[in-house]
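Since the structure comes first, as structure tokens, the remarks are kept for the end.
The values are calculated or read from the model by the stated rules, or taken from the named source; none is laboratory data. The shown structure was predicted, so the numbers you read here are calculated from the model rather than taken from an experiment. Every residue, glycine among them, receives a Cβ derived from its backbone with ideal geometry; neighbour counts consider all protein chains shown. Side chains are part of the model used for accessible areas, which takes the heavy atoms of the whole protein and leaves out ligands, DNA and RNA. Shrake-Rupley method; radii C 1.70, N 1.55, O 1.52, S 1.80 Å.
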Amino acid sequence: MEKTIEKRLLRTEVPKEMTWKLEDLFETEEKWEYELEAVQRDVTTVSQYKGKLGNGANVLLECLTAYEALYTRIIRVATYTSLRSSEDGTNPINQGNSARIAAMMANIGASLSFLETEILTLADGTIEQYIQEEPNLEVYKNHLEELLERKPHTLSAEMEEALASLSEVHDSPYMIYQRSKSSDMQFTSIEDKDGSQLPMSFALYEDRYELSADTEIRRKAYHSFNNTLNQYKNTFAATYATEVSKEVALSRLRKFNSVTEMQLHPQQVSLEMYHNQLDVLQKELAPIMQRYAKLKKRELGLDKMLFCDLKAPLDPDYNPKTTYEEASKMIIEALEIMGPEYSQIMKEALSDRWVDLADNIGKSTGAFCSSPYGVHPFILITWTDTMRGAFVLAHELGHAGHFYLAGKNQRMINTRPSTYFVEAPSTMNELLLADHILSKTEDKRMRRWVISQLLGTYYHNFVTHLLEGELQRRIYNLADAGKPITASTLCEQKRELLQNFWGDAVEIDDGASLTWMRQPHYYMGLYPYTYSAGLTVSTAVAGMIKEEGQPAVDRWLDVLKSGGTLKPIDLIKKAGVDMSKPDAIRSAVSYVGQLVEELENSYK
């Protein structure tokens, strides 16, 4: 693991210790196959209650208990398939199994759609009465209340069943996007100064070449990357336009005023909170990030600042290599402040193969954490020996720690909080890692380097994802107004918002306008802007941990253990932060300003 592998391996060639241990989900493929059939048979344990939910509190309790048990099993079966597909999307068996799961989910969704519909057709006050009569229904109270909030937007039983049966079709834009990325896209290799051919892939561009200190390599890789993206832009635009058309149609069917209102409804986030994130950050962070870009251009001696230069290391000669083992040790030390229970989860994750770190043909790009209830989380990352990788790993471990604690302390139905909060625990770990390293050094170059890593986190969440969120806001507004969504629309809108943000500090070229093709988040509803919300919260709480110590840590752990039992605004208040006002956002922007200022001063 000391040496970065140049040749991309087939999945079958990857050493076992670099892969995740999916046997913790199912010991063998045969056991997964058996359970796949069994959960489909066992749908009757829930569907037997169809038409009976008005028969009393005990019937509703029995039905919800059966539903929770069945869904826990479904999550395991579906997660296993999803992780297999993520580790190698080119494997025809994985592709076939993904299709089987999609079909299964559509069938089960249709069979169980009665549950919501029947609950929502009960007379007003019935659910509240049931909860009073049957104390064991208390655990489902949140779930039931959220359901009742959807009542004005719920259709007839027949319509809901029909829509549920079409879920495979509704999910197809995302599937087509992912399949094209992992299986069809081929990139031209690039040549280094010595004439050697360097392999090129989606993962290698985003995880290595975009971060390269060598301007020639970085720009050549950008050119190769965009050449391939450009060949797919019309297909990807049609795929995304289909996704948006689906959302517009659903928002109208469900009597929402807009797609945005429909997307924010399950997040339990107000329009004001949503617009605050997008507006305050774009207006107030832009001048700070422009200073950062100009500093980079000057210190790197660049002829011009291109979009592909934004992630170039500021001090390219100072780039200590970090192996996976060294990064793991550093992360564990940094997170000791969180106490023994949390630290133990981190140690298990890093030593018991919760992490898949190889780069192989067909593997999903980027990084994610999948947390099936009742097992343990699984983390996907492509390890390329960069320090940035340590921050990405710490980030995903934040998700793992959050959902592991939520799963241990809550029933399955109460584990997941709003996506508005979900990126807070992950970014918290990145901040704690940076703080740990900074506390150990006064060396100017080392501090500069760590601050650059931290700024990488803020760039990722407050710039990349936030500007994805701005593109979504614009596209949804155009779609609501009946305007067609084409490749040229997407490129024009992306270019314009990038130019607005970066001003004269960065040259926005045609390749930059294709960045809407790079992220799967556009197929996940209003998810991108939530990254900035999460980092706003973690920035505030990290400051409290620094000032208060243990009381702030205890509040934070309590928030993680709360899972999905509270609305996001109340959950975050429990940690000591009020997100109904823009103050926390402004405070986070001010912190980024301090980081950029320390960098600027280090060059004086």
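A few points about this structure:
- Checking each residue in the stretch 467-522 for being assigned to a loop (DSSP other than H, G, I, E, B) and of a type outside the set (G, A, S) picks out K483, P484, I485, T486, D504, V506, I508, D509, D510, R518, Q519.
- Entry remark, the stretch 474-503: residues being among the acidic types (D, E) and free of Cβ contacts under 8 Å to residues at least 40 places away in the same chain number 2 in total.
- The residue that is most open to solvent (accessible area, probe 1.4 Å), counting only those in the stretch 407-426 that are closer than 17 Å to L526 by Cβ, part of a helix (DSSP H, G or I) and out of contact with any Lys or Arg (no Cβ under 9 Å at 6 or more places or on another chain), is T419.
- Of all residues in the stretch 565-604, those satisfying the criterion of being farther than 25 Å from L455 by Cα and surrounded by fewer than 21 Cβ atoms within 10 Å (Cβ to Cβ) are T565, L566, K567, I569, D570, K573, K574, S580.
- In the stretch 220-237, the count of residues that are open to solvent by 10 Å² or more (accessible area, probe 1.4 Å), part of a loop (DSSP other than H, G, I, E, B), at negative phi and touching a Gly at 6+ places or on another chain (Cβ under 9 Å) is zero.
For (1) within 20 Å of Y603 (Cα to Cα); (2) of a type in the set (F, W, Y); (3) in a helix (DSSP H, G or I); (4) without any contact (Cβ under 8 Å) to a residue 24 or more places away in the chain, each residue gets a yes or a no:
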position: F256; (1), (2), (3), (4): no, yes, no, no
position: C308; (1), (2), (3), (4): no, no, yes, no
position: L314; (1), (2), (3), (4): yes, no, no, no
position: E325; (1), (2), (3), (4): no, no, yes, no
position: S328; (1), (2), (3), (4): no, no, yes, no
position: I332; (1), (2), (3), (4): no, no, yes, yes
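- Test result for V39, among the β-branched types (V, I, T), crowded, with 18+ Cβ neighbours inside 10 Å and at negative phi: yes
- Cβ-Cβ contacts under 8 Å between residues 6 or more apart (or on different chains), taken from a first residue in the stretch 359-382 that is modelled with pLDDT under 95 to a second residue that is among the aliphatic types (A, V, I, L, M) and in a loop (DSSP other than H, G, I, E, B), are listed as D359/I5; N360/L10; N360/V14; I361/L10; A367/I381; T382/L357; T382/A358; T382/A367.
- Yes/no for L115 being hydrophobic (A, V, I, L, M, F, W, C) and touching a strand residue (DSSP E or B) at 6+ places or on another chain (Cβ under 8 Å): no
- Selected residue (only one of N429, N461 is assigned to a helix (DSSP H, G or I), surrounded by 22 or more Cβ atoms within 10 Å (Cβ to Cβ) and out of contact with any Ser or Thr (no Cβ under 7 Å at 6 or more places or on another chain)): N429
- Any hit, the stretch 71-83, residues being in contact with a strand residue (DSSP E or B) (Cβ under 8 Å, 6 or more places away or on another chain) and of a type in the set (V, I, T): yes
- Filtered by the rule that a residue be touching a residue at least 60 places away in the same chain (Cβ under 8 Å), buried (at least 16 other Cβ atoms within 10 Å of the Cβ) and assigned to a helix (DSSP H, G or I), the stretch 128-157 gives Y130, I131, L137, V139, Y140, N142, H143, H153.
- D504 vs. criteria within 20 Å of M579 (Cα to Cα), surrounded by fewer than 17 Cβ atoms within 10 Å (Cβ to Cβ) and modelled with pLDDT of 95 or more: no
- Matching residues in the stretch 184-201 - criterion: being open to solvent by 90 Å² or more (accessible area, probe 1.4 Å) and within 30 Å of the chain's Cα centre (by Cα): Q186, T188
- Any hit, the stretch 503-512, residues being of a type outside the set (A, V, I, L, M, F, W, C) and under 25 Å from the mean Cα position of the chain (by Cα): yes
- Residue selected from the stretch 67-97 under the condition surrounded by fewer than 18 Cβ atoms within 10 Å (Cβ to Cβ) and hydrophobic (A, V, I, L, M, F, W, C), by the criterion farthest from W32 (Cα to Cα): A69
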